[in-house]
Every structure is written in C-alpha cells, then in structure tokens.
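What follows is a short report on a single structure.
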Amino acid sequence: MGQDLSEAIDRLRRFHHHGYSVLDTLTVNANAAIPERRYRGDDLAEVVGLPNVQRIYAEERSGALPSPRDDNGRRLGSTLSEVMGLQAHFGTRPWRHPDDPPAIVAFANQKGGCWKTTTSWWFGSYCAQRGLRVLLVDADPQASLTLNCGHLPDINVHDEDTLGPLLVQGDESGAADLIRPTYLPNMQIIPSCLGLASVEMSMTTELYGADTNREAMDVLLRLQRLLASASADYDVLVVDGTPSLGVLTTNLLLAANLIVTPVPTEITDYASTVAFNELVADQLASVQRLAETLDIDVRSPEIFFLPTRYSQEGTQSLGSQEVLALIQETFGDRALSTPIKKHDAAVSNLTLFRRTAFDVNATNPACGNTARNHAVANFRAVFEEIFERGIAPLWPHGTDFMRATDTRGSKA
C-alpha cells in the first residue's frame with residue numbers, strides 16, 4: 001500500500017491551487033452579489049449620533065449636505081462612507097481623543113472551533129460600522145480572518161506580507177507597511193498566511209537562547225512595539241490570536257489592553273478553557289519574574305470570557321444551558337453577560353459572501369431578514385458590553401461622539 005511521494009505532493013498542490021481558485025471566484029462573486037449597506041431613518045440617526053433624521057433632512061434642504069436619491073427621486077440611504085461624512089459634519093465622530101490610547105482587543109483561546117475568528121471579525125465590523133477607525137491584525141497562521149476580508153493567504157499574501165519577518169527580526173517600525181484594505185473604507189487589515197506558523201519556533205529558540213534577561217524580554221515585547229508603531233491612525237485594533245499557547249500568545253498578552261476568550265457552551269470547550277487559564281497564569285508568572293529582574297512594570301490585560309455557540313433549542317439545549325451556568329459560575333463577573341447564539345443561517349451563509357450581519361441590508365440575498373436581525377441584536381449586545389467594560393475605561397476623554405451627544409441627551 002501507499003503511493004509515490006512525488007505523486008502525492010503534486011496531487012496535494014493541485015488541490016491547494018484549485019481550492020484557492022474557487023475561493024477567489026467566490027470572493028469576486030460575493031462582492032458583486034452583496035450591495036453596500038445603506039442607513040435610513042432611525043438607523044441613520046442613531047449611527048450619526050442625532051436624536052432623529054430631521055436635522056439631516058434640514059441640512060439637505062439648505063444645500064449644506066447632498067441628498068442621495070435614485071433616478072426616481074427616492075432616497076437611497078447613506079453608505080458607511082457617507083455616514084462618516086455626516087458624523088464629521090455634525091461633530092459626532094466616535095473617534096478616540098488624541099491623548100487617549102488606541103484600544104487593542106485580542107480574541108484568543110487555544111482550542112479551535114470556539115468562534116475566535118468569527119467574533120474578532122464581527123467585532124471589527126461592528127466597530128467600523130459605528131464609524132470607528134479599525135485595524136484588524138491576523139496573528140493566526142490559518143489566516144481565516146485574512147480570507148474573510150478578501151485576501152487569499154499563500155496566493156496573494158506571502159510571508160513578507162505578514163508580521164512574521166518583523167517579529168523574527170525584531171523590527172519595531174515596519175508594521176504600517178503591511179496594512180491592506182478590506183471591503184469597508186475605515187477597516188484595514190494586517191494579513192496572515194501559513195508561513196506565520198514558523199515564527200513560533202524561531203522566537204522560542206531566540207527566547208531560550210537569549211544571553212540576558214533584557215534580550216529575553218525584548219522577544220516578548222515585539223508585538224506590543226509593532227502594534228504601537230501602526231496604531232496612531234486607529235481607534236481600535238482587533239487581533240485574531242493564534243490557537244496555541246507559546247511565545248506569540250505571550251506577546252499578545254503583553255500587547256493587548258483586553259483579551260476576549262470565546263468559550264463554546266459545550267463541556268469539552270469549557271474544560272479546555274479552564275486549562276487555558278492555568279497555562280496563561282504560568283506564562284504571566286514567568287513574565288513577572290523576568291520583569292522584576294529588570295525593575296520594569298509589566299501589566300496584564302483585562303481578560304473576559306465570552307460564551308459562544310449557545311443553543312436554547314433542540315436536543316443539545318440542556319447541555320448548553322448547563323455549561324453556560326458553569327461558565328458564569330467559574331468566571332463570575334469576568335464572564336460576559338450575553339452569550340452568542342449559534343445563528344447558523346446568518347453566520348454560515350454570510351461567511352460564504354465574506355460579510356457579517358452588520359455589513360448587509362436587512363433585505364439581502366445571503367440570509368433572511370429575520371435571521372440577520374436576530375444575529376445583529378445578539379452580537380451587538382455582546383459587543384456593546386465589550387466596548388463599555390473594556391474600551392470606554394481606556395478613553396477618559398470620551399469620544400467625539402460621546403462629547404457631542406452628552407450635551408443633547410441622545411443615546412451614544
């Protein structure tokens with residue numbers, strides 16, 4: 001039994017190239033099939049940061065603002081780019097104050113299938129659709145986030161296009177050159193590809209071969225410095241972490257302000273996350289000992305636990321509810337209060353079109369209106385809690401949006 005190695009290698013590479021050709025076609029078709037989201041009525045007023053749309057209409061009538069209409073004179077609604085123009089016009093942009101730091105939010109867990117990439121992608125989209133300036137950072141060699149944003153890993157994204165070489169070389173200033181566009185005007189990405197997997201081994205070898213404690217600490221702080229060099233023009237950096245626990249994850253712990261750990265409401269995932277906590281604690285303890293020898297202050301990020309893939313119906317509902325109770329009991333107030341439900345129709349169908357529910361209109365060809373609205377409501381509740389508990393404390397000056405609406409009493 002068995003086959004010639006050359007034949008096996010050729011066959012696998014044909015599979016790879018054919019598969020990515022299919023994915024490329026799907027991406028092109030998706031961009032053509034999904035029209036850009038447009039905001040109207042109350043949704044438009046809310047995202048702009050106004051009590052109602054009458055102020056917008058008044059500015060249109062005065063000629064101070066354009067009035068987007070179709071050939072029949074009907075209102076088209078406002079695209080995200082137009083929404084951001086309205087925010088600038090009314091002084092309601094949700095940007096951080098220049099004296100406040102960019103928020104670096106990482107989604108991380110050692111177990112695959114926990115919706116780590118899904119939640120990081122959807123959170124980035126949620127923030128961008130509010131008008132925030134978002135930089136996605138794909139630190140996972142599987143590069144699913146990169147693919148979801150329209151770039152093909154290992155086809156048009158190669159090792160030199162990722163953070164990998166900069167992390168290995170200790171280059172602290174080249175991250176901005178890696179930034180690529182996505183399908184949203186205010187959301188960009190630093191992509192990933194399979195080659196990023198080799199970085200873990202290289203950095204581990206360098207860490208344990210370091211001649212001094214300062215050299216070792218330098219290895220652990222490289223991602224922090226790289227992200228700092230690329231963050232000036234952004235409000236939120238969203239990092240999709242690697243599904244492992246090594247030097248890259250330690251770098252992520254030291255670079256992020258906030259870690260969100262997705263936990264599917266199944267007992268094996270709960271058990272894996274419990275073990276993940278001990279491993280993270282061991283890593284932080286090693287960092288603490290190293291920092292003490294150098295007399296430097298190293299801070300831990302805030303860590304929250306997000307129940308995902310929750311089901312209230314069907315044969316698995318009892319188990320899902322029991323595990324949700326275990327997550328809430330174990331992690332206490334560090335467990336986010338709203339679990340993310342499965343939303344199979346919305347998540348799976350929209351991923352095929354390289355979009356989240358926040359990116360599409362209620363009437364869209366990818367999933368029904370009801371499925372889309374349920375997903376938006378659920379994910380939005382989760383992300384608002386992340387924003388309020390994890391990001392708002394980083395911004396003591398508030399945002400343009402908060403400052404403008406505080407005087408009016410309208411909801412931010």
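Residues are listed down the side, and each one gets a yes or a no for (1) surrounded by 11 or more Cβ atoms within 10 Å (Cβ to Cβ); (2) in contact with an Asp or Glu (Cβ under 9 Å, 6 or more places away or on another chain); (3) at pLDDT below 95; (4) β-branched (Val, Ile, Thr):
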| residue | (1), (2), (3), (4) |
| --- | --- |
| Arg13 | no, no, yes, no |
| His18 | no, no, yes, no |
| Ser21 | yes, no, yes, no |
| Asp24 | yes, no, yes, no |
| Asn29 | yes, no, yes, no |
| Ala32 | no, no, yes, no |
| Pro35 | yes, no, yes, no |
| Glu46 | yes, no, no, no |
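Please verify whether the range 328-336 includes one or more residues that are modelled with pLDDT of 95 or more, closer than 30 Å to Arg225 by Cβ and crowded, with 19+ Cβ neighbours inside 10 Å. So far as the range 328-336 goes, yes, one or more of its residues are modelled with pLDDT of 95 or more, closer than 30 Å to Arg225 by Cβ and crowded, with 19+ Cβ neighbours inside 10 Å. Looking only at residues in the range 37-52 that are in a helix (DSSP H, G or I) and in contact with a strand residue (DSSP E or B) (Cβ under 7 Å, 6 or more places away or on another chain), the one that is farthest from Gly91 (Cα to Cα) is Leu44. Taking the conditions exactly as written (closer than 21 Å to Val238 by Cα, surrounded by fewer than 22 Cβ atoms within 10 Å (Cβ to Cβ) and modelled with pLDDT under 85), does Gly398 satisfy them or not? Answer is yes for this residue.
Apart from one condition, Lys411 fits all of (1) closer than 20 Å to Ser337 by Cβ; (2) at pLDDT below 95; (3) buried (at least 16 other Cβ atoms within 10 Å of the Cβ); the exception is (3).
Counting only residues that are more than 22 Å from Asp359 (Cα to Cα) and either in contact (Cβ under 8 Å) with a residue 60 or more places away in the chain or not in a helix (DSSP H, G or I) (or both), the range 53-66 holds 4 of them.
Annotation: Ser81 fulfils all but one of (1) modelled with pLDDT of 95 or more; (2) more than 21 Å from Leu352 (Cβ to Cβ); (3) in contact with a strand residue (DSSP E or B) (Cβ under 7 Å, 6 or more places away or on another chain); the unmet one is (3). Looking only at residues of the range 143-163 that are in a loop (DSSP other than H, G, I, E, B) and touching a strand residue (DSSP E or B) at 6+ places or on another chain (Cβ under 8 Å), we find that the one that is surrounded by the fewest Cβ atoms within 10 Å (Cβ to Cβ) is His151. Quick one: in the range 105-133, which of the residues that are surrounded by 24 or more Cβ atoms within 10 Å (Cβ to Cβ) and basic (Lys, Arg) is farthest from Arg372 (Cα to Cα)? Selected residue: Lys116. Scanning the range 227-246 for residues that are buried (at least 24 other Cβ atoms within 10 Å of the Cβ) and in contact with an Asp or Glu (Cβ under 6 Å, 6 or more places away or on another chain), we see that the one that is nearest to Val168 (Cα to Cα) is Thr242. Condition check for Gln87 on (1) in a loop (DSSP other than H, G, I, E, B); (2) at pLDDT 95 or above; (3) of a type outside the set (A, V, I, L, M): one failure, at (1). Just one of the listed residues (Val287, Val347, Val280, Val260) is in a helix (DSSP H, G or I), of a type in the set (A, V, I, L, M), under 30 Å from Arg225 (Cβ atoms) and under 22 Å from the mean Cα position of the chain (by Cα), namely Val280.
Among the residues making up the range 358-386, those that are touching a residue at least 12 places away in the same chain (Cβ under 8 Å) and under 30 Å from Asp100 (Cα atoms) are Phe358, Asp359, Val376, Asn378, Phe379, Arg380, Ala381, Val382, Phe383, Glu385, Ile386.
The values are calculated or read from the model by the stated rules, or taken from the named source; none is laboratory data. The structure presented is a predicted model; accordingly, all values stated were derived computationally and were not measured. FYI the Cβ positions are ideal-geometry reconstructions off the backbone, even for glycines, and counts take in every protein chain you see.
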